[in-house]
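Report on the structure given below.
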Amino acid sequence: MSLRDGFSYFQAKPARWLLAAALAISSALGGEPLSVAPQSHRDDQPTPEAKTAGREHAPARHDAEWKAAPRPAPTNPKELPPAFAKATPSSIADLRSIEQRVKELVRRVTPAVVDVEIGGGTGSGVIISEDGLVLTAGHVCGESGRAVRMTFSDGRKARGKTIGASRDSDCGLIRITDRGPWPHVAVGDLEQTRPGDWVLALGHPGGFDLRRSLVVRLGRIIRLEDGNLQTDCTISQGDSGGPLLDMFGRVIGIHSSISSSLTANFHVPITDFYQNWDQMVKTLNTPPKQD
């Protein structure tokens, strides 16, 4: 499918802007906050639910469980509102059902999305296991063994170490070295994913800011071929490493690179993480060290 063909999914722009307005109004009235970030350049540096960490912290598990790539969570297409099967929303009822689904997913996954600080650079990441495995971008993560400082959306902090990265695919892995358990979300697959599917892009553009909440953008996939995952979700500096979610709340991509064009937002497909897993976790033979 060509890029030009992909734009056929977005002919009803008024409907999409109306949906955006509805989400903004809902936020103003006390709903889930959904912020929109400006465009920028590439950073230099079942419905799954994000389970919240409990008060009692158990020791984090390390090497044994992390040597195998995670498995995609199953889905049930029947649980999605009918509006998601349409090329474009056709009624106010469609817009409201999409809005409700987005608000539900944002509430569930927000606890698992973190701001990532490594050296002098910042990015984003998403936790995918209760013992603290974090997916991010390779250019955010860098080499293994680097100290990482993470901030949750509620302001809590955690320490971690980089596991490794695949420079060719821009995949990166981090592990939280503080005691958990940690809130986390499930990973997905791309077997049923198609251009035109609705997606959510989450992250901390510009770094963590407790005053504005996590930033969420609703968009659609416009290209999925030859290992390229492209959306019209406007992402910005600091978003790199944050998750791209399908409407089941599963991670299907990680923000990688953007440009000044609205449609030039690229994400690492989750399948690249599976394919490069062994390369990235080869340093796990060395137990994590506390700072």
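Note the per residue figure in Å³ for the convex hull of the C-alpha positions in segment 183-226. Before the final figure, lay out each step's value.
On the way: hull volume 5.2 nm³, N = 44.
In segment 183-226, the Cα hull volume divided by residue count equals 119 Å³.
Can you give me the P(r) profile for segment 127-184? Cα pairs, bins 5 angstrom wide beginning at 0, each as a whole percent.
Histogramming segment 127-184 at 5 Å steps yields 5, 21, 30, 24, 14, 5, 1 percent.
Starting from the Cα gyration tensor of segment 138-220, multiply each eigenvalue by 5, take the square root, and state the resulting semi-axes largest first in whole Å.
Details: eigenvalues 116, 77, 35 Å².
After diagonalising the Cα gyration tensor, the semi-axes are 24, 20, 13 Å.
Using label points projected 7 Å from each Cα along Cα→Cβ, tell me how many nm separate ASN228 and ALA147, to one decimal.
Those two pseudo-labels are separated by 4.1 nm.
Dipole of segment 113-238, Cα-centred, from +1 at each Lys and Arg C-beta and -1 at each Asp and Glu C-beta, to the nearest 20 debye? Provide the component values of the computation, followed by the final result.
Values: 15 positive and 16 negative charges, 112 e Å.
Computed about the Cα centre, the dipole is about 540 debye.
Can you give me the distance in nm between label points at ARG156 and GLU79, each placed 7 Å from the Cα along the Cα-to-Cβ direction?
2.3
Output needed for segment 82-170: three equivalent-ellipsoid semi-axes, defined as square roots of 5 times the C-alpha gyration tensor eigenvalues, in descending order, whole Å.
Working: eigenvalues 231, 51, 21 Å².
Semi-axes, largest first: 34, 16, 10 Å.
What residues have an amide H closer than 5 Å to that of GLY242, excluding those fewer than 5 places away on the same chain, when H is modeled at 1.01 Å from N in the peptide plane?
Answer set, sorted by chain and number: SER124, HIS255.
Kindly state, to the nearest 0.05, the FRET efficiency for ALA264 paired with GLN192, given R0 = 25 Å and r defined as their beta-carbon distance.
Working: r = 25 Å, r/R0 = 1.01.
The pair ALA264/GLN192 has a calculated efficiency of 0.50.
Quote to one decimal, in nm, the extra length available between ILE92 and ARG212 on full extension: 0.36 nm per residue of separation minus the C-alpha distance between them.
Working: separation 120, 0.36 × 120 = 43.20 nm, distance 2.81 nm.
Result for the pair: 40.4 nm of gain on full extension.
Read-outs throughout are calculated quantities, based only on the coordinates presented, and are distinct from any laboratory measurement. What you see is a predicted model; the values in this text were computed from it and never measured. Methodologically, a virtual Cβ is constructed for each residue, glycine included, from the backbone with ideal geometry; neighbour enumeration extends over all protein chains shown.
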